[in-house]
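Student: Dropping a structure here in structure tokens format, bear with me for questions.
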Amino acid sequence: MSTAHKYGDHVDTDVIIPARYLASQDEKELASHCMEDIDANFHAKAKPGDIIVAGLNFGCGSSREHAPVAIKASGISCVIAKSFARIFYRNAINIGLAILECPEAAEGINDGDNVSVNFDTGIITDNTTGKTYQAEPFPEFIRHMIEDGGLMASLKKAKK
Amino acid sequence: MGMTMTQKILAKHAGLSEVHAGQLIQAKLDLVLGNDITSPVAINEFEAAGFDSIFDTSKVVMVMDHFVPNKDIKSATQCKQCRMFAKRFGIEHYYDVGTMGIEHALLPEQGLVAPGEAVIGADSHTCTYGALGAFSTGVGSTDMGAAMSAGYTWFKVPAAIRVNVTGKKRQYVSGKDVILTLIGRIGVDGALYKSIEFSGEGLKELTMADRLTVSNMAIEAGGKNGIFPVDDITREFLDGRVKREWTAYYPDDDAEYEQVVELNLDDIDCTVAYPHLPENAHPAREGKDIKIDQIVIGSCTNGKIDDMKAAADILKGRHLADGVRGIVIPATMNIYRECMKLGYTDIFLDAGCIVSTPTCGPCLGGYMGILAAGEKCVSTTNRNFVGRMGHIDSEVYLASPAVAAASGITGHITHPSELDI
Ligand code: SF4
């Protein structure tokens, strides 16, 4: 059961994790403040496996890696957006947070819908409306990187 | 479908016959770069992951350039960490006080980058080497740490903008005016994510120094890289510097460009980017009312020997206006020496400037020329964000070495031709 939490365009890294919490490296602490300036209930309602759906340019703003870390530590399994900011995109994959660019899904999925994502095929299914969407699937090496927990973790594994 | 120059280089390094915009690929790297600010973070990541080897000790470059000779204890500690790491792993291209230069001026000079190569650097201006027909882009410190060990990294293949250059450069116009004009036209996010690929018969007007300046600032338009095709000017520059084999890549005729921008050099005059964004381009001729306190000539953008010459030609036999400080920073030790040999250092000193050994120094508000509240500086650097060179109420005006020098002489923003009268 993955519930979609939907937001608009240009969700910036200040909203994802406000700068006042950046002194902390603790993932749980970061997760407890994730999205709090745009959605005070986010921490309470985000369940493991849930997804975030957003509009254009998700993750714009600073280059802080804390942003994807906070989202991942909140239990979010995937962010689907119309587009991502470049540094956020790179940081998310490097820390092992799955993100998919799919404008149609980002448009069509409603807040609270039950959604499943097949990372092998890139097919996003909105179980509430019955609609499916096709995102470009991750190539295998990125899938492995995300499964392993990010760039460093997967490299460590490869070196063994 | 055809590929752009960038896409061809990426395909080659990914071992694929074809790639398309948006595709995620894993590509081998020919060079991994870091400086005294970003390398320590990368080293920490590298060590935390328990890595114990470098993929190729000739393909990792560390340049101590931001704060050297060290400005304080913190920067000394960071350099020490890099020095020890480089020693421990036998990194061949480690540059410290005495041999260093500003990274993006130093690497091309030392022949460390060749056409067709793929380079990442934990520094946003790593895009500079596109001038040589290489794919090079800035990444984060984690990427650098991982790549030092792995020798490859992942990329999302960029879409591209083509800039078609025509016409002839006017007197006093240089690469800086070209790129400031382009950024003024397309904006600081005009090339977000994308490659900027240059083409057209006007390219023969752009010297290697011009091209290096243009590619350097591709990031200031949001670009992932900014790349020039290899031609005789490139070959002449590489001659004697790069001894290894290299390959030139040219775009396919049917390569896909999301946008084509026409840039006619005939229309470009000396340009100044006013605070606080590089896109805020104005003609140098219209800057008479802007009184300045300082000029800075140097940085990875404009610290090359051609830049020193452009400044020396203007400053020769002249003196800075009352109350203007002049800071000249040749970008590498070779350029520094060359300035002495060619008499530029004397010209600068006679004009009332100081000449520093290579450092990023004032460019990022580090040291060696920080501005107080209310002060204005004409600088040949690449960013004029709020507080970039000091106090948040100071102002940086980006310009070419010729314009910076001319402005130093009059004390206000000045087109060099105004001195001829
Ligand atoms: S000169 Fe300025 S822009 Fe260039 S590398 Fe140094 S700090 Fe960065």
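Student: For B:LYS309, list the lysines whose Cα falls under 29 Å from its own Cα; do not include residues on the same chain fewer than 8 positions away.
Tutor: Partners within reach: B:LYS71, B:LYS168, B:LYS169, B:LYS176, B:LYS204, B:LYS243, B:LYS288, B:LYS291, B:LYS341, B:LYS376.
Student: From Cα coordinates alone, what are the radius of gyration and Dmax values for the protein assembly as shown in angstrom?
Tutor: Rg then Dmax for the protein assembly as shown, in Å: 24.3, 79.
Student: Taking other Cβ within 10 Å of each residue's Cβ, how do B:MET3, B:MET84, B:MET368, A:MET145 sort, fewest first?
Tutor: Taking fewest neighbouring Cβ atoms as first place, the list is B:MET84, B:MET368, B:MET3, A:MET145.
Student: Give the cross-link partners of B:LYS8 among the lysines, using a straight C-alpha distance below 19 Å as the criterion and excluding same-chain residues fewer than 8 apart.
Tutor: B:LYS28, B:LYS156, B:LYS194, B:LYS224
Student: Same structure, new question: Return the lysines within reach of A:LYS45: Cα separation strictly under 30 angstrom, same-chain partners fewer than 8 residues apart disregarded; answer none if there are no such residues.
Tutor: By straight Cα distance, A:LYS45 reaches A:LYS6, A:LYS28, A:LYS72, A:LYS82, A:LYS131.
Student: I'd like the mean, over residues of A:149-156, of how many other protein chain beta carbons sit within 10 Å of each residue's own Cβ.
Tutor: Partner-chain Cβ atoms within 10 Å, mean over residues of A:149-156: 5.
Student: Another question, then. Within 10 Å of each Cβ in peptide B:150-156, how many partner chain Cβ atoms are there on average? Round it to a whole number, please.
Tutor: Mean inter-chain Cβ contacts per residue within 10 Å come to 4.
Student: Looking at chain B as a GNM with Cα springs under 10 Å, which of B:LEU206, B:LEU342, B:LEU371 has the largest mean-square fluctuation?
Tutor: Highest fluctuation among the options: B:LEU342.
Student: Okay, next question. If you average the C-alpha positions of the stretch A:1-61 and of the stretch B:170-233 separately, how far apart do those two centres end up, in angstrom?
Tutor: 38 Å
Student: Inside 10 Å of the C-beta atoms of A:132-138, what's the mean count of C-beta atoms belonging to other chains?
Tutor: Going residue by residue through A:132-138 and averaging, the value is 1.
Student: If you don't mind, there's one more thing I want to ask. Taking R0 as 35 Å, what FRET efficiency do you get between B:VAL260 and A:PHE141 from their Cβ-Cβ distance, rounded to the nearest 0.05?
Tutor: 0.55
Student: Next question. Quick one: divide the alpha-carbon radius of gyration of the stretch B:309-364 by 2.2 N^0.38 Å and tell me what you get.
Tutor: 1.09
Student: Does chain B come out rounded, prolate or oblate, given a ≥ b ≥ c as the square roots of the eigenvalues of its C-alpha gyration tensor, rounded meaning a/c under 1.5 and, failing that, prolate meaning a/b above b/c?
Tutor: Oblate.
Student: Something else about it: Quick one: check the C-alpha center-to-center distance for the stretch B:1-64 versus the stretch A:92-141, whole angstrom.
Tutor: About 28 Å separates the Cα centre of the stretch B:1-64 from the one of the stretch A:92-141.
Student: Also, I was wondering about something else. Order A:67-79, B:386-398 from most to least packed using the mean count of other Cβ atoms within 10 Å.
Tutor: A:67-79, B:386-398
Student: So what J values fall out for the stretch B:368-378 if you push phi through Karplus, 6.51 cos²θ - 1.76 cosθ + 1.60 with θ = phi - 60°, rounded to Hz, Gly and Pro as x?
Tutor: Ordered by residue, 3J(HN,Hα) equals 6, x, 6, 9, 8, 4, x, 7, 10, 9, 8 Hz.
Student: GNM, chain B, Cα, under 10 Å: largest mean-square fluctuation among B:ALA48, B:ALA14, B:ALA372?
Tutor: B:ALA48
Student: Separate question: I'd like the antiparallel share, as a percent to the nearest 5, of DSSP beta bridges with both residues in chain A.
Tutor: 45 percent
Student: Quick one: if you take sqrt(5λ) for each eigenvalue of the C-alpha gyration tensor of the stretch B:365-415, what semi-axes come out, biggest first, whole angstrom?
Tutor: The answer is 19, 11, 9 Å, longest axis first.
Student: Once every DSSP H run of n ≥ 4 in chain B is given -39500 (n - 2.57) and the sum is divided by its residues, what mean residue ellipticity at 222 nm do you get, rounded to the nearest 500 deg cm²/dmol?
Tutor: Rounded to the nearest 500, the figure is -8500 deg cm²/dmol.
Student: Determine, for each peptide in B:56-67, B:219-230, A:41-52, the mean count of other beta carbons within 10 angstrom over its residues, then list the peptides with the highest first.
Tutor: B:219-230, B:56-67, A:41-52
Student: Check B:GLY326: other-chain or 5+ apart residues with amide H under 5 Å from its amide H, H built from backbone geometry?
Tutor: HN-HN under 5 Å from B:GLY326: B:ILE295, B:ILE354.
Student: With springs only between Cα atoms under 10 Å apart, run a GNM on chain B and tell me which of B:SER136, B:SER39, B:SER124 wobbles the most.
Tutor: B:SER124
None of the figures in this text is laboratory data; all of them are computed from the coordinates on show. What you are looking at is a predicted structure, and each value in this text was computed from that prediction instead of being measured. As a convention, Cβ positions derive from the backbone with ideal geometry for all residues, glycine included, and neighbour counts pool all protein chains shown.
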